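**Q** Here it is: the structure, laid out below.
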Amino acid sequence: MLIGTAGHIDHGKTTLVRALTGTDTDRLPEEKRRGITIELGYAYLPVAAGDGAPAQVIGFVDVPGHEKFVPTMLAGASGIDFALLIVAADDGPMPQTREHLQILQLLGIRRGAVALTKADRASPGRIAEVSGQIDALLAGGSLAGAPVFAVSAITGAGIAALRAHLVATARALPARAAEGDFRLAIDRVFTLAGAGTIVTGTVHAGRVAVGDLVRLAPHGPTARVRSLHVQNRGASHGQAGQRCALNLAGLAVDEIRRGDWLTGQTAPLPAQRLDVTLTLAADAPRALAHGAVVQLHHGTRQLGGRVALLDATLEKTGLAPGGHCLAQLVADAPLHACRGDLVVLRDAHGRNTLGGGRILDPFGPARQRRHPDRLALLAAQAMADPAERLQALLARSPLGLDLQQLAAAENRRPDALRALLPEAAARFNDKAGWLIGSAALDALGHRVEERLARHHTEHPDELGLELGLERDRLRRMIAPLLPAPAFAEWLEHWLAEGRVARRGSAWHLPGHRLELDPHDRRRADTLLPWLLDTPFDPPWVRDIAQRLGEPETATRELLKRLAACGEACQVVRDLFYAPAAVRQLGAIAAELMAADGCIRAAAFRDRCGLGRKRAIQILEYFDRVGYTRKVGRGHDEQHRIRGDLAVN
């Protein structure tokens, strides 16, 4: 069990922890000189086995009580199981008593006790009076009814009873489930001679073991766990709910700071737009305006941000004290966050704690965040059961979901998420990491059929125009946000079902045919072999027309019809390639991709023996038909394969 102290400055938090554990958590010279806690302090209380519970170690996180150090208190309270609220009997509840209690409630802490310290300085009547004030302060909150212990660290009165209560609570506390990938919120980083980099923090999820690879998040390198301590003892592994110190190989101290995370996620995604359920404190000084500048506290991180209220009716009035709504918190910098994490808001000057929220989606959109479809997705995100939540998300996502992003948000592996679904409920595309519900996939197929039917109506055969649509052009018309590899796979799925058909690179409805009349067929049979005379450098339309003895316009239209039928490939307006040559050029591009990780125009030119201009034209054709994608500009321009090359 992890216990976090809370309370006003000079109410005896550090002294009480020393009385309970024998450890002085004030370790800095300045703390000793000034007699106040400035940084987080840590102490541990070994507990023998008993009452059917195994032996364990209770951890204490001692926090500063001064109002200037509330951000440090927030970092220390992240991840605790139990709150020990400390109130001096002579002073009674003070401003930071109330603010710390409010923070504990915003962080969802529901287990706790109150230590009424300096009892040796107060009369029985005063102790009874302050106990009544404490009961009134706790009433209606998450710690209502918490037991109050009158104690004195000087005389020792009440210390044994408080310690016994903490031990009994720790023994009865169920172990926190170690589900999901490992996540540790870093609150301290330092070096030890002969060991190297050490980070400490509370494990929020998952497990970690010696030898594991972990990654610094929101973005950073990986490191190997050389050794670790759990609750101040050497161990081979640690898990959620425990304080751990990790000795890392591969990370220097200056690469890490408080507020970073260590995670077992293979590719943690930085988050900056957090969609949350937001609660404004009842005693907030004023309504929270749409667009308000605030300080965000998440895990052990503090950073600036703005609040976007997702209820349009609150845009002018703001969220009233005590109110609840959906909101998007736009952080000033990327951070590592997952669904279910808690966020506390303070005003821009750090003087008042305003409220807090629970993250529904750490990857909120920049646009259309109030759209009814988006709000429906957030309603699904609010569901507690993971399987029900995933099925609801799929039902409300007509284009499907980015499974990698969803896995990062849920802190689960993609295969663990897929295991939550019945086999027939969804289809998954490995190349794009995209998941779509079976009903949504069927509806998307209907949209494709409708679009093709409209295209056939607009371009009838007798006008000699296109037979169908190229794959990537069709995707941009139907679902531009859908990844090209996923759309390509699902087109093949509909092809196998007989819902669509393909000729060359053109997709069309099965009943739609483009047939050449006998005269055009004879002309086509004459000219098609000419495209293979020099396959990588075929003749231009004007040269073919001259050789045929036909007008250039008629020859161009014939070649366009042949391209629509899949018997030729139109690279530029007046340049057509044989499909066999395009396949060979595509194979060369694939070889360059495998060797260099990308396709550059110069390398492609050299391999094909073509001029630079022609090489660029071919690569742009590959981009157009969805085989490659261009990235970068100027000297950094390159192409990368993103799908299959659809030619006959």
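**Q** Please verify whether Val17 is open to solvent by less than 50 Å² (accessible area, probe 1.4 Å), more than 37 Å from the chain's Cα centre (by Cα) and of a type outside the set (Phe, Trp, Tyr), treating the condition exactly as stated.
**A** Details: open to solvent by less than 50 Å² (accessible area, probe 1.4 Å): yes; more than 37 Å from the chain's Cα centre (by Cα): yes; of a type outside the set (Phe, Trp, Tyr): yes.
Considered against the rule, which asks whether it is open to solvent by less than 50 Å² (accessible area, probe 1.4 Å), more than 37 Å from the chain's Cα centre (by Cα) and of a type outside the set (Phe, Trp, Tyr), Val17 comes out as yes.
**Q** For the stretch 496-537, enumerate the residues that are touching a strand residue (DSSP E or B) at 6+ places or on another chain (Cβ under 6 Å) and surrounded by 14 or more Cβ atoms within 10 Å (Cβ to Cβ).
**A** Val500, Ala501, Ser505, Trp507, His508
**Q** It is to be established whether one or more residues within the stretch 341-350 are open to solvent by less than 10 Å² (accessible area, probe 1.4 Å) and among the small types (Gly, Ala, Ser). Give the steps one after another, and end with the answer.
**A** Filtering the stretch 341-350 for residues open to solvent by less than 10 Å² (accessible area, probe 1.4 Å) gives 343-346.
If we keep only those that are among the small types (Gly, Ala, Ser) as well, we get none.
Looking for residues that are open to solvent by less than 10 Å² (accessible area, probe 1.4 Å) and among the small types (Gly, Ala, Ser), one finds none in the stretch 341-350, hence no.
**Q** Let me ask something additional. Scan the stretch 276-309 for residues that are within 28 Å of Arg188 (Cα to Cα) and charged (D, E, K, R) and jot them down.
**A** Scanning the stretch 276-309 gives Arg301, Arg306.
**Q** In this structure, does Ala432 turn out to be part of a helix (DSSP H, G or I) and aliphatic (A, V, I, L, M)? First the steps, then the outcome.
**A** Working: part of a helix (DSSP H, G or I): no; aliphatic (A, V, I, L, M): yes.
So Ala432 fails the test.
**Q** How do the pairs read when you match residues in the stretch 419-434 that are of a type in the set (Phe, Trp, Tyr) with residues anywhere that are surrounded by 14 or more Cβ atoms within 10 Å (Cβ to Cβ) and part of a loop (DSSP other than H, G, I, E, B), using Cβ under 7 Å and keeping only pairs 6 or more apart or on different chains?
**A** Partner pairs satisfying both residue conditions: Trp434/Gly400; Trp434/Pro483.
**Q** I would also like to ask the following. Determine, yes or no, whether Pro334 is open to solvent by 10 Å² or more (accessible area, probe 1.4 Å), in contact with a helix residue (DSSP H, G or I) (Cβ under 8 Å, 6 or more places away or on another chain), under 30 Å from Gly211 (Cβ atoms) and in contact (Cβ under 8 Å) with a residue 24 or more places away in the chain. Before the answer, list the steps.
**A** Details: open to solvent by 10 Å² or more (accessible area, probe 1.4 Å): yes; in contact with a helix residue (DSSP H, G or I) (Cβ under 8 Å, 6 or more places away or on another chain): no; under 30 Å from Gly211 (Cβ atoms): yes; in contact (Cβ under 8 Å) with a residue 24 or more places away in the chain: yes.
When the stated conditions are applied, Pro334 does not pass them.
**Q** Among residues belonging to the stretch 22-55 that are surrounded by 20 or more Cβ atoms within 10 Å (Cβ to Cβ) and of a type in the set (S, T, N, Q), point out the one that is nearest to Leu166 (Cα to Cα).
**A** Thr25
**Q** A further question on this structure: Does the stretch 72-87 include one or more residues that are in a strand (DSSP E or B) and either modelled with pLDDT under 90 or open to solvent by 50 Å² or more (accessible area, probe 1.4 Å) (or both)?
**A** We begin by selecting, within the stretch 72-87, every residue in a strand (DSSP E or B); these are 82-87.
When the remaining residues are screened for being either modelled with pLDDT under 90 or open to solvent by 50 Å² or more (accessible area, probe 1.4 Å) (or both), the result is none.
No.
**Q** Take the residues of the stretch 607-648 that are among the aliphatic types (A, V, I, L, M), touching a strand residue (DSSP E or B) at 6+ places or on another chain (Cβ under 8 Å) and not in a helix (DSSP H, G or I): which is nearest to Asp537 (Cα to Cα)?
**A** Looking at the filtered set, the residue picked out is Val647.
**Q** Considering each residue of the stretch 268-302, count those that are in a strand (DSSP E or B) and surrounded by fewer than 16 Cβ atoms within 10 Å (Cβ to Cβ), and give that number.
**A** Of all residues in the stretch 268-302, those in a strand (DSSP E or B) come to 271-280, 288, 293-298, 301-302.
Now drop any that are not surrounded by fewer than 16 Cβ atoms within 10 Å (Cβ to Cβ), which leaves 293.
Residues that pass the stated criteria total 1.
**Q** Follow-up question, since we're still on this one. Which residues, counting only those in the stretch 59-71, are of a type outside the set (Gly, Ala, Ser) and not in a strand (DSSP E or B)? Outline the logic, then answer.
**A** Narrowing the stretch 59-71 to residues of a type outside the set (Gly, Ala, Ser): 60-64, 66-71.
Listed by number, the residues that qualify are Val63, Pro64, His66, Glu67, Lys68, Phe69, Val70, Pro71.
**Q** When the stretch 303-322 is examined, which residues are found to be in contact with a strand residue (DSSP E or B) (Cβ under 6 Å, 6 or more places away or on another chain) and closer than 25 Å to Pro71 by Cβ?
**A** If the condition is that a residue be in contact with a strand residue (DSSP E or B) (Cβ under 6 Å, 6 or more places away or on another chain) and closer than 25 Å to Pro71 by Cβ, then Leu303, Gly304, Gly305, Arg306, Val307, Ala308, Leu309, Gly318, Leu319, Pro321 are the ones that fit.
The values are calculated or read from the model by the stated rules, or taken from the named source; none is laboratory data. Here the structure is a predicted model, which is why all the values come from computation and not from measurement. Note that we place each Cβ from the backbone using ideal geometry, even for glycine, and neighbour counts take in every protein chain shown. We work out accessible area using only protein heavy atoms, side chains counted, and drop any ligands, DNA or RNA first. Shrake-Rupley method; radii C 1.70, N 1.55, O 1.52, S 1.80 Å.
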